[in-house]
1. Given the structure, is GLU30 acidic (Asp, Glu), assigned to a strand (DSSP E or B) and without any contact (Cβ under 8 Å) to a residue 60 or more places away in the chain?
2. Does ASP19 satisfy the criteria of being assigned to a loop (DSSP other than H, G, I, E, B), in contact (Cβ under 8 Å) with a residue 60 or more places away in the chain and surrounded by fewer than 16 Cβ atoms within 10 Å (Cβ to Cβ)?
3. Restricting attention to the stretch 22-47, which residues are of a type in the set (Lys, Arg) and surrounded by 14 or more Cβ atoms within 10 Å (Cβ to Cβ)?
4. Kindly establish whether ASP8 is modelled with pLDDT of 95 or more and surrounded by fewer than 19 Cβ atoms within 10 Å (Cβ to Cβ).
5. Starting from the stretch 99-125, take each residue that is closer than 25 Å to VAL85 by Cβ and list its partners that are in a strand (DSSP E or B) and open to solvent by 70 Å² or more (accessible area, probe 1.4 Å), counting only C-beta distances under 6 angstrom and pairs at least six apart or across chains.
Amino acid sequence: MNDVSRADGIAKIAELMKDIRIAMFVTIDEHGRPRSRPMATQDAPFDGTIWFLTDKDAAKLSDIHRDKRVNLAYASTSSESYLSVSGEAEVVDDRAKIREFWSPFLKSWFDGPDDPRIRVLRITAVEAEYWDTPGGKIASLISLVKGAVTGSKDTDHGNNQTVTL
């Protein structure tokens with residue numbers, strides 16, 4: 001059941017994403033199977049849209065042209081935070097956005113911001129589900145030790161919410 005408002009959900013998702021740069025980007029391949037690959041999320045405020053840069057010849061773009069539904073999976077084991085975002089992808093040749101997102105890190109893949117192979121992936125989030133543990137690893141560890149010592153089941157292992165965006 002969704003008991004989180006859209007605005008609260010966007011704020012929480014933005015908070016979780018800010019420290020997790022790499023997402024497992026999941027598309028559906030030509031055989032109908034999910035296919036995942038790590039991708040760097042671009043540094044832009046989350047407002048329901050998530051941005052990536054990619055090569056125009058990447059296999060994921062063929063997947064997206066067949067089926068625009070994608071999933072992004074983020075995980076931070078250090079903070080015990082996990083996020084799954086389902087959305088729709090659009091491939092855009094937007095030179096202004098490419099220049100906005102350009103960083104020297106991208107030189108490993110592209111010649112520069114004007115490289116004609118670069119495309120922007122704009123993901124419009126439709127729904128997200130997140131899990132986080134208030135207090136992070138220490139709170140989880142205390143909870144696990146308490147359960148192991150006392151034999152009691154701890155039902156407060158953190159928050160799990162689904163947000164429709």
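1. no
2. Against the criterion (assigned to a loop (DSSP other than H, G, I, E, B), in contact (Cβ under 8 Å) with a residue 60 or more places away in the chain and surrounded by fewer than 16 Cβ atoms within 10 Å (Cβ to Cβ)), ASP19 qualifies.
3. ARG35 - this is the single residue of the stretch 22-47 that is of a type in the set (Lys, Arg) and surrounded by 14 or more Cβ atoms within 10 Å (Cβ to Cβ).
4. no
5. ARG122/GLU90; THR124/GLU88
The values are calculated or read from the model by the stated rules, or taken from the named source; none is laboratory data. No experiment lies behind these values; they were computed from the predicted model shown. For neighbour counting, all protein chains shown are included, and Cβ atoms are generated from backbone atoms with ideal geometry for every residue, glycine included. Areas reflect the complete protein model, heavy atoms only, side chains present, ligands, DNA and RNA absent. Shrake-Rupley method; radii C 1.70, N 1.55, O 1.52, S 1.80 Å.
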